[in-house]
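Visitor: Attaching a single structure in structure tokens format; questions to follow.
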Amino acid sequence: MLEAQSNTDHSAKFDATDLDRRLSFGNIGPEDRACIDEIKDDVLERLDEHVEAFFSHLARHEEAQGLLRRSDVMEDARKLEREHIIAMVSGRYGHSYFEQRFRLGEIYNRAQVDIALFMGAFHNQMGSIGWRIMARYPKDSDKAFRHLFAFKKVAFFDLGILVDAMMTAREQTIVRQQEAIRELSTPALQVRDRLLILPIIGLLDSFRAKQLTDGLLQAIRSHRAKVVVMDLTGVATVDSKVANHLIQTVAAARLMGAIVIVTGLSAEVAQSLVTLGVDLRGLNTIGDLQGGIEEAERLLGPPPSRGERHLSVVG
Amino acid sequence: MPVPVLKQGDVLIASIQSALTDRDLLQLKDELAEKVGQFRSSGVIIDVTALDVMDSFATRTLRGLAAATKLRGAETVIVGIQPDVAMALVELGLTLEGVETALDLEEGLETLRAAVDAHRHGG
């Protein structure tokens, strides 16, 4: 949960120290700012052309069609690209600059633009601007390169922010998906007094195995379970890490006074566990779910009526 | 804070109410081993519901306690281990082997009764 929160709050990630740090990473000094200031008007003169260089590159690729077809998003993106180039040559790389770049990165990420494709388009745009800079100093290649290089520094500094923005957005997606999986994860079903069934379906990784353990231990407490049948029929593979986790779960459930019966280990899973040399002595396994429930019934005995149970405790 | 030990029929119930120092634990161990003989108890229940932390010393002492009362003729059941505590213990490799566990006090009494019955029928 904590991770999810820190990810959504990207402004916290870009405080003043981070700004300074990034600027020093980019090695952008006062002389670079002076160079940028000198070429500013030339760049702005053909602003639309530079913006177009970016989107025309995207348009040449199938992967970006999703973005280009959405006119509302495109309008936003064009506007932000324009603002961005203006901001790039303004020489002021403050908090609002960051925010602006971050928003743009999020738009591209939502439109699922490939990072490599984005880089290509970005570079195409830088090329368009670069030609203008070179054309300004036709006789003096040294000067031309110095100005171009100053501009390039800003461009790379910029790319750093954008890639971070896209990565952050992707991390958020992963966190959201994990939450979704957690919600979909294994329910513990009570089939009779003191008996829980835990059907596990799909891929078991360490993360899900941990979820499962937490959920099961809570369920044992809330349902006052004595026997738990853990059915692995729907699990295709189990690695040694997950197997150890299952063993730990069984041991933890025992500490809470519950017996865990594992059922439905497929032939492949059984073989691979033996091959891995996982010590399964602590596991109480039975072939299928039906057998598991029968065993549970045997352990629990016939369901007592309230009165009987009360008497037996007192006596 | 020492742990109060209650006598209920032929069962002794020790209900731990707060985190215990090592000395309290050892004292509890001695007291129970003593009282099991004194009251001719057939079972001991240690309720740890209130504990949200159990360390290796505590688990080792409880294991020792269970073994000692067993030698004096009484089964020990530890009841009320919390989910988080259970997981933490297992991750530390402290699985309380050889000690009976149960969900709560009621369940613990049930377990003891079953164990005593089995013992009588067996003997």
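Visitor: Whole-Hz ³J(HN,Hα) for each residue in the range A:116-125, computed from phi via Karplus 6.51 cos²θ - 1.76 cosθ + 1.60 with θ = phi - 60°, x for glycine and proline: what do you get?
Guide: 5, 5, 4, 4, x, 5, 4, 5, 4, 5
Visitor: Now for a different question. With equal scatterers on the alpha carbons only and no solvent term, can you work out the Debye log10 of I(q)/I(0) for the protein assembly as shown at 0.08 1/Å?
Guide: So the normalised log intensities work out to -0.67.
Visitor: Same structure again: As an exercise, take the mean of 1/r over every pair of distinct alpha carbons in the range A:155-227, invert it, and state the Kirkwood radius in angstroms.
Guide: 14.9
Visitor: For chain B, what's the relative contact order in percent, using C-alpha pairs closer than 8 Å and at least 6 residues apart?
Guide: 23 percent.
Visitor: Of A:Leu58, A:Pro187, A:Ser24, whose Cα points farthest to the positive end of the dipole of the protein assembly as shown (charges on the beta-carbon: +1 Lys, Arg; -1 Asp, Glu; origin at the Cα centre)?
Guide: Of the candidates, A:Pro187 comes out farthest on the positive side.
Visitor: Another question about this same structure. Set Lys and Arg Cβ to +1 and Asp and Glu Cβ to -1, take the dipole of the range A:126-241 about its Cα centre, and tell me which of A:Val154, A:Ser240, A:His223 lies farthest positive.
Guide: Towards the positive end, the residue furthest out is A:Val154.
Visitor: Would you pull out the residues with amide H under 5 Å of A:Asp231's amide H, same chain only if 5 or more places away, H placed 1.01 Å from N?
Guide: A:Leu198, A:Ile200, A:Thr263
Visitor: Then there's this: Any idea what the dipole of chain B comes to, in debye rounded to 20, about its Cα centre with Lys/Arg Cβ at +1 and Asp/Glu Cβ at -1?
Guide: Approximately 580 debye in magnitude.
Visitor: Hey, what number do you get for chain A at 222 nm if only DSSP H runs of n ≥ 4 count, each worth -39500 (n - 2.57), divided across all residues, to the nearest 500?
Guide: It lands at -23000 deg cm²/dmol.
Visitor: So what's the projected area for the range A:187-261, the Cα convex hull averaged over all directions, in nm²?
Guide: If I average the Cα hull's projected area over directions, I get 4.3 nm².
Visitor: Another question, then. Taking each residue in A:219-231, count the Cβ atoms of any other chain within 10 Å of its Cβ, then average. What number comes out?
Guide: Whole-number average of other-chain Cβ neighbours for A:219-231 is 2.
Visitor: In addition: Only Lys, Arg, Asp and Glu count, each charged at its Cβ (+1, +1, -1, -1), so figure out the dipole size of the protein assembly as shown about its Cα centre, rounded to 20 debye.
Guide: Using Cβ point charges on Lys, Arg, Asp and Glu, the protein assembly as shown gives about 380 debye.
Visitor: Of all the Cα-Cα pairs you can form in chain B, what percent are over 25 Å apart?
Guide: 16
Visitor: To continue, here is another question. Mind listing the long-range amide H neighbours of A:Asn284? Cut-off is under 5 Å, sequence gap 5 or more, other chains count too, H placed in the peptide plane at 1.01 Å from N.
Guide: Hits under the 5 Å cutoff: A:Val262.
Visitor: So, one more: Rounded to the nearest 500, what is the 222 nm mean residue ellipticity of chain B from helices alone, with -39500 (n - 2.57) per DSSP H run of 4+ residues and division by all residues?
Guide: Using -39500 (n - 2.57) per qualifying helix, the result is -16000 deg cm²/dmol.
Visitor: Quick one: A:His84, A:His95, A:His123, fewest Cβ neighbours within 10 Å first, how do they rank?
Guide: A:His95, A:His123, A:His84
Visitor: Provide A:His223, A:His147 in ascending order of the number of other Cβ atoms located within 10 Å of each residue's Cβ, fewest first.
Guide: Ordered from fewest to most neighbouring Cβ atoms within 10 Å, A:His223, A:His147 come out as A:His223, A:His147.
Visitor: Can I ask one more? Considering amide H positions built from the backbone, and no H for Pro or chain starts, which residues 5 or more places from B:Thr76, or on another chain, come under 5 Å of its amide H?
Guide: Residues meeting the criterion, in which the H sits 1.01 Å from N, are B:Val44, B:Glu100.
Visitor: Could you compute how fast the range A:44-192 diffuses translationally, taking Rh as the Kirkwood radius over C-alpha pairs and applying Stokes-Einstein at 20 °C with viscosity 1.002 mPa s? Give it in µm² per second.
Guide: Translational D for this selection: 124 µm²/s.
Visitor: Could you tell me the relative contact order of chain A? Use alpha-carbon pairs under 8 Å, at least six residues apart, and round to a whole percent.
Guide: 15
Visitor: Need the C-alpha centroid separation for the range A:69-92 versus the range A:173-245, integer Å.
Guide: Spelled out, the Cα-based centre of one part sits 47 Å from the other.
Visitor: With label points built 7 Å along Cα→Cβ from the Cα atoms of A:Ser56 and B:Phe57, find their separation and express it in nm.
Guide: 7.7
Visitor: Next question. How many Cβ atoms of partner chains, on average, are near each residue of A:252-263 if near means within 10 Å of its Cβ?
Guide: 6
Visitor: Another one. Going by how many other beta carbons lie within 10 Å of each one, how would you line up A:Tyr108, A:Tyr137, fewest first?
Guide: Fewest-to-most Cβ neighbours within 10 Å comes out as A:Tyr137, A:Tyr108.
All of the numbers you see were taken from the coordinates with simple rules; none came from a lab. Note that the structure is a prediction, hence the values are computed from the model and not measured. Heads up, the Cβs are rebuilt from the backbone with ideal geometry, glycines too, and the neighbour counts pull from every protein chain shown.
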